[in-house]
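The structure appears below as structure tokens.
The values are calculated or read from the model by the stated rules, or taken from the named source; none is laboratory data. Predicted model only: the values in this text are computed from it and were never measured. Cβ placement follows ideal geometry from the backbone for every residue including glycine, while neighbour counts extend to all protein chains displayed.
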Amino acid sequence: MNSNQYSPTGFKVLPPVVKNLLIINGLFYLATLSFESAFGIDLVRFLGLYYVESEYFQPYQFVTYMFLHANFGHILWNMFALWMFGYLIENVWGSKRFLTYYMVTGIGAAIIQTLINWWNFSSIQHEALLFADQPTVDAFVLFVKSNFPSYYEYHDVIRNFISEWTLNPGNPSYAGQSVDYTNQLIQLQMNVPTIGASGAVYGILLAFGMMFPNMLVYVYFLFPIKAKWIVIIYGALELFSGISNNPSDNVAHFAHLGGMIFGFFMIYFWKKRATL
């Protein structure tokens, strides 16, 4: 950052909400590892955000999901970004407003991701219904390749089933079994959770860019770029990646955008209310 424009002098480099969020996320990460290794309990199964039609979904997951992370690199990046962009914002806004903003953007990210999942699953379920009317091996291959490419490439059961059906295309039992597989694949995808603080962190990034648009941020500690351009670039990349809708991409790009969207409207609302 450009320390000539803003300086932490008189500010807290580790203000209370940022500090406690770092601690809480760290404790959740350690608990995830400990419970899995010691008791065989997967905390993600209970606290990750599942699609509303999943058998594992619970409403409280809209909050708890943002305190879980997949691996050390995942939590390291999110917590570093939370501190890097968050400590100045908390010093300016105060702890109460900063915490409110963080939680709303995190929950907002979950809402947007759920809506996107609903859109995607509605399309896949419609394809599955059309397939069930006229199940053929070619249609099954197309369905799996289009919507579940990793299962087509690496799942032996699916690959063996396709090979057997190809050799016996007139066998009606394969048609019925293929319909069962389409439903199972959809359910398996619904049972993939979303985890991570990224949605809230992207909301913090947006706030930083709006509050300090001309502050220099050193990308990878080497390349200086103004904060407003960081926000625009990251937002554009997430939008492009989300629209691309690569089935093999397991990053919740629209959750990131959701955090930014909710953040923008929160800041706009606060500014509007302040002028009344």
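Just a few scattered comments:
- Cβ pairs under 9 Å, 6+ apart, first in the range 200-212 and in the same structural domain as Met260 (by TED's automatic domain parsing) and polar (S, T, N, Q), second assigned to a helix (DSSP H, G or I) and at pLDDT 95 or above: none
- Selection from the range 172-184 of residues that are surrounded by 17 or more Cβ atoms within 10 Å (Cβ to Cβ) and out of contact with any helix residue (DSSP H, G or I) (no Cβ under 6 Å at 6 or more places or on another chain): Ala175, Tyr181
- Some residue of the range 125-136 being surrounded by fewer than 16 Cβ atoms within 10 Å (Cβ to Cβ) and under 24 Å from the mean Cα position of the chain (by Cα): yes
- Residues located in the range 30-48, provided they are without any contact (Cβ under 8 Å) to a residue 60 or more places away in the chain and of a type in the set (Val, Ile, Thr): Thr32, Ile41
- Filtered by the rule that a residue be surrounded by fewer than 16 Cβ atoms within 10 Å (Cβ to Cβ) and closer than 25 Å to Pro149 by Cβ, the range 224-246 gives Leu237, Leu239, Phe240, Ile243, Ser244, Asn245, Asn246.
- Here Val144 fulfils each of the conditions (1) buried (at least 19 other Cβ atoms within 10 Å of the Cβ); (2) not assigned by TED's automatic domain parsing to the domain that holds Leu185 apart from (2).
- Residues located in the range 49-93, provided they are β-branched (Val, Ile, Thr) and in contact (Cβ under 8 Å) with a residue 24 or more places away in the chain: Val52, Val63, Ile75, Ile89, Val92
- Residue in the range 131-141 that is part of a helix (DSSP H, G or I), of a type in the set (Val, Ile, Thr) and touching a Ser or Thr at 6+ places or on another chain (Cβ under 6 Å) present: yes
- When the residues of the range 2-40 are filtered to those that are among the polar types (S, T, N, Q) and modelled with pLDDT of 70 or more, the one that is surrounded by the most Cβ atoms within 10 Å (Cβ to Cβ) is Thr32.
- For Leu27, the requirement of being within 20 Å of Met210 (Cα to Cα), assigned by TED's automatic domain parsing to the domain that holds Trp229 and out of contact with any strand residue (DSSP E or B) (no Cβ under 6 Å at 6 or more places or on another chain) is not met.
- Among the criteria (1) in the same structural domain as Met79 (by TED's automatic domain parsing); (2) loosely packed, with under 12 Cβ neighbours inside 10 Å; (3) within 30 Å of Ile124 (Cα to Cα); (4) in contact with a helix residue (DSSP H, G or I) (Cβ under 8 Å, 6 or more places away or on another chain), the one Pro169 does not fulfil is (1).
- Test: residue in the range 21-29 that is out of contact with any His (no Cβ under 7 Å at 6 or more places or on another chain), free of Cβ contacts under 8 Å to residues at least 40 places away in the same chain and either of a type outside the set (Asp, Glu) or farther than 29 Å from Ile186 by Cα (or both): yes
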